[in-house]
Amino acid sequence: MPVIEVDQLARSYRSGSRFSRGARTEVEAVRGISFEVEPGELFGLLGPNGAGKTTTIKMLITLLLPTGGSARVLGYDVVADPREVRRRIGYVFGGDKGLYERLSGYDNLRYFAELYGVPPREQRQRIAELLDLVGLTGKEGQRVEGYSRGMRQRLHIARGLLHKPDVLFLDEPSIGIDPVGARELRETVAALVSTGTTVLLTTHYMFEDDELCDRIAVIAGGAILAEGTPEQLKSRVADGHVVEIEVFDGVDDRIDAVRAIAGVTSVGVESSDRSQLLVVRTAAAAQVTPAVLAALEGRSLGRVATREPTLEDAYVELVRDA
Amino acid sequence: MTAALRIFFFGGITSYRALFHWLTPWILIPTFIVEPIFQVLFFAFVGRDAGVGDDSFYLIGNAVQFAAIPCLFAMGNTIGNERYTQTLGLLLASPARRLPLFLGRALPVIINGFCVSLVVLVLGALVLRVHIPAEAWVPIVGVLVVTSFSCTGLGLATAALALRVRETAVLSNIIIGILIVFCGVNVPLSALPAWMSTISYVLPLTHGIEAARDLAGGASWSAVTGLVATEALIGVVYAALGMAMLFALEVESRRHASLELA
Ligand SMILES: Nc1ncnc2c1ncn2[C@@H]1O[C@H](COP(=O)(O)OP(=O)(O)OP(=O)(O)O)[C@@H](O)[C@H]1O
Ligand SMILES: [Mg+2]
């Protein structure tokens, strides 16, 4: 049985002033999405700002009622059985809010241990384990107001795990964390998944998904545009290779010529101060590269490189076409 | 202890420590000892000069009234500030029972209110040399507890409202103002316009102050039980109203995304 079953799930918001007539508008934040997450999977929801990621998570963790469709977590309906769902899931969001500043890290954890009904005799040991897991041992006695962003985020993770949830929802957990901290966070999440926890993660960071996720759904404008393993997504959008050529004296007038070369699937240009980068997507780099260079005859060229498509290439193409 | 009781006692104290940001000596002593004494002295001297009431009238009115300050502000903070810390979403995403979760926060607040009014009463009695009969002290302490409870009930209702309208301090200040004017703190109820004294009967404080004054004047406990019971009942009604509002807010927020939860 899937751990998370989402069926035609939809949510719209009414916004505008409740006092002024006519000014109310309806925003369809999530428009009938469906997906399933299997036990022990790490599932990524990847999408731009305003895509509907947080709205989806809020419905799954029972903070928000759907306006259409249904969702079940561990077999419990999020509308009919919210308490059963809440008992078994953990929820962590990114950023530095959501903690009691005046309390120590330890007391923050103690409080939530009570709310989740962690038996008093187990609390001390459970908190010690989690402090160790997130690397806050020795800092737990300090007030949270003195914590750095990374420390706060790690405390959040510990909080979300106090009751050993079967499913963990992470909404942009690495926002505002430095690269080393973000890597540690990914390691922690990977370790959790290896012990059987199912994780649903949202992020903007492509490499995070690429590295971590078993499966990804790309969401934009409240709809799922594509779903699959990172490999499937990459091959689906840009199978083959990417050729990048740095050009110093203008490339715009040659784009059509490059596009016309047999074997080229798409052409993009990224401009910087000194140069432009021609990004050519193709099925067969070896054949195409000489033809592209021929088309740029007479221009002063910098770096020429061939690389595998990244998830970001796939993502940009998907979201741009949407 | 069951999980619900632990949330009530332990969780309540933790929330009070976490969210009542007056808990530093720099705020507590001036607000809960110095200022109340000044207020007691001010009204006692004005009263002497105008020849209206005796010192005991003002001392008891103001001492009991000071229970309302922590009861309203601390209760407003411990619930309303969940919004600023952005922890409300985490609370509501937890499986914890809402009744002990929110009611537990009232217990430390009641104790706070009681301690403040008792300290003001004792210090004020010493400074003004007001004599309160020895046998009256125990029942008066009882009245202070009940009055702190009823003011906290009102505080809970205010806090629930504050979660909706967002500004707990403004709301609490307005209510304190209403209580001071309406509840017979410094003006006998008989001196108020009729409509005001009518309102005063559904506010906390009014019956408690009257009971404490009667006791200090030599009345027996059995003579004031009606007043004390009414005071307690008013507290229960406001607390129930507050809890109902909190439940309704949670339902509404899930439906209309009316509380920003994360
Ligand atoms: N409480 C609300 N009231 C009205 N509209 C809302 C509310 N919350 C979200 N929206 C709208 O719903 C849409 C989806 O928002 P959501 O927060 O789910 O996006 P997101 O994918 O999490 O974005 P981000 O990456 O910026 O966090 C947006 O257009 C947003 O403006
Ligand atoms: Mg979001």
Failed criterion for B:P100 (all others in (1) open to solvent by less than 10 Å² (accessible area, probe 1.4 Å); (2) at pLDDT 95 or above hold) = (1)
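Just the residues that are under 30 Å from B:L103 (Cβ atoms) and surrounded by fewer than 21 Cβ atoms within 10 Å (Cβ to Cβ), please, taken from segment B:33-59. Talk me through it step by step, then tell me what you get.
Within segment B:33-59, the first condition is being under 30 Å from B:L103 (Cβ atoms), and the residues that meet it are B:33, B:35-36.
If the condition is that a residue be under 30 Å from B:L103 (Cβ atoms) and surrounded by fewer than 21 Cβ atoms within 10 Å (Cβ to Cβ), then B:I33, B:E35 are the ones that fit.
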query = Among the residues of segment B:145-159, is any closer than 26 Å to B:V224 by Cα and surrounded by fewer than 23 Cβ atoms within 10 Å (Cβ to Cβ)?
reply = yes
ask   = Quick one: how many residues across segment B:113-129 are without any contact (Cβ under 8 Å) to a residue 60 or more places away in the chain and buried (at least 23 other Cβ atoms within 10 Å of the Cβ)?
value = 2
ask   = Out of (1) open to solvent by less than 50 Å² (accessible area, probe 1.4 Å); (2) closer than 20 Å to A:L103 by Cβ; (3) among the β-branched types (V, I, T), what's the single condition that is false for B:I13?
value = (1)
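Scan segment A:21-52 for residues that are open to solvent by 30 Å² or more (accessible area, probe 1.4 Å) and either within 16 Å of ligand 2 (Cβ to nearest atom) or charged (D, E, K, R) (or both) and jot them down. Please lay out each step first, then the result.
Let us first name the residues in segment A:21-52 that are open to solvent by 30 Å² or more (accessible area, probe 1.4 Å), namely A:21-28, A:31, A:34, A:36, A:38-39, A:48-50.
Once the filter is applied, which keeps residues that are open to solvent by 30 Å² or more (accessible area, probe 1.4 Å) and either within 16 Å of ligand 2 (Cβ to nearest atom) or charged (D, E, K, R) (or both), segment A:21-52 yields A:R21, A:R24, A:E26, A:V27, A:E28, A:R31, A:E36, A:E38, A:P48, A:N49, A:G50.
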query = Would it be correct to say that A:E114 is more than 16 Å from ligand 1 (Cβ to nearest atom), touching a helix residue (DSSP H, G or I) at 6+ places or on another chain (Cβ under 9 Å), open to solvent by less than 40 Å² (accessible area, probe 1.4 Å) and within 27 Å of B:E82 (Cα to Cα)?
reply = yes
request  = Tell me which of these A:V79 doesn't satisfy, since it passes every other one: (1) among the hydrophobic types (A, V, I, L, M, F, W, C); (2) at the interface with chain B (Cβ under 10 Å from one of its Cβ atoms); (3) open to solvent by less than 50 Å² (accessible area, probe 1.4 Å).
outcome  = (3)
ask   = How do the helices (runs of 4 or more DSSP H) wholly within segment B:1-116 filter down when requiring 3 or more residues that are touching a Cys at 6+ places or on another chain (Cβ under 8 Å): which remain?
value = B:55-80
task = Check segment A:90-101 and report whether any residue there is open to solvent by 10 Å² or more (accessible area, probe 1.4 Å), in contact (Cβ under 8 Å) with a residue 24 or more places away in the chain, more than 9 Å from chain B (Cβ to nearest Cβ) and closer than 26 Å to A:A182 by Cα.
result = yes
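So for segment A:37-53 (the condition being assigned to a helix (DSSP H, G or I), farther than 20 Å from A:R87 by Cα, within 14 Å of chain B (Cβ to nearest Cβ) and in contact (Cβ under 8 Å) with a residue 12 or more places away in the chain), does at least one residue qualify?
If we filter segment A:37-53 for residues that are assigned to a helix (DSSP H, G or I), which is where we start, we get A:53.
Pick out the ones that are also farther than 20 Å from A:R87 by Cα and you get A:53.
Subsequent filtering for residues that are within 14 Å of chain B (Cβ to nearest Cβ) retains A:53.
Now restrict to residues that are in contact (Cβ under 8 Å) with a residue 12 or more places away in the chain: A:53.
Yes; the residues of segment A:37-53 include at least one that is assigned to a helix (DSSP H, G or I), farther than 20 Å from A:R87 by Cα, within 14 Å of chain B (Cβ to nearest Cβ) and in contact (Cβ under 8 Å) with a residue 12 or more places away in the chain.
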key: Criterion violated by B:N62 - all others in (1) within 14 Å of chain A (Cβ to nearest Cβ); (2) of a type in the set (S, T, N, Q); (3) open to solvent by less than 10 Å² (accessible area, probe 1.4 Å) satisfied   = (1)
message = If I filter segment A:148-159 for residues that are of a type outside the set (A, V, I, L, M) and open to solvent by less than 10 Å² (accessible area, probe 1.4 Å), do I get at least one hit?
response = yes
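With respect to B:N112, determine if the residue is closer than 29 Å to A:E114 by Cβ, within 14 Å of chain A (Cβ to nearest Cβ) and not charged (D, E, K, R). Reasoning before the result, please.
Values: closer than 29 Å to A:E114 by Cβ: yes; within 14 Å of chain A (Cβ to nearest Cβ): no; not charged (D, E, K, R): yes.
For B:N112, the condition - closer than 29 Å to A:E114 by Cβ, within 14 Å of chain A (Cβ to nearest Cβ) and not charged (D, E, K, R) - is not met.
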task = Considering (1) over 21 Å from the mean Cα position of the chain (by Cα); (2) crowded, with 19+ Cβ neighbours inside 10 Å, say which one A:L192 fails and leave the rest.
result = (1)
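The values are calculated or read from the model by the stated rules, or taken from the named source; none is laboratory data. As the structure is a computational prediction, the values presented were derived from the model and not from experiment. Positions of Cβ are generated from backbone atoms using ideal geometry, with glycine treated the same way; all protein chains shown enter the neighbour counts. To get the accessible areas, we keep the full protein, side chains included, count just its heavy atoms, and leave off ligands, DNA and RNA. Shrake-Rupley method; radii C 1.70, N 1.55, O 1.52, S 1.80 Å.
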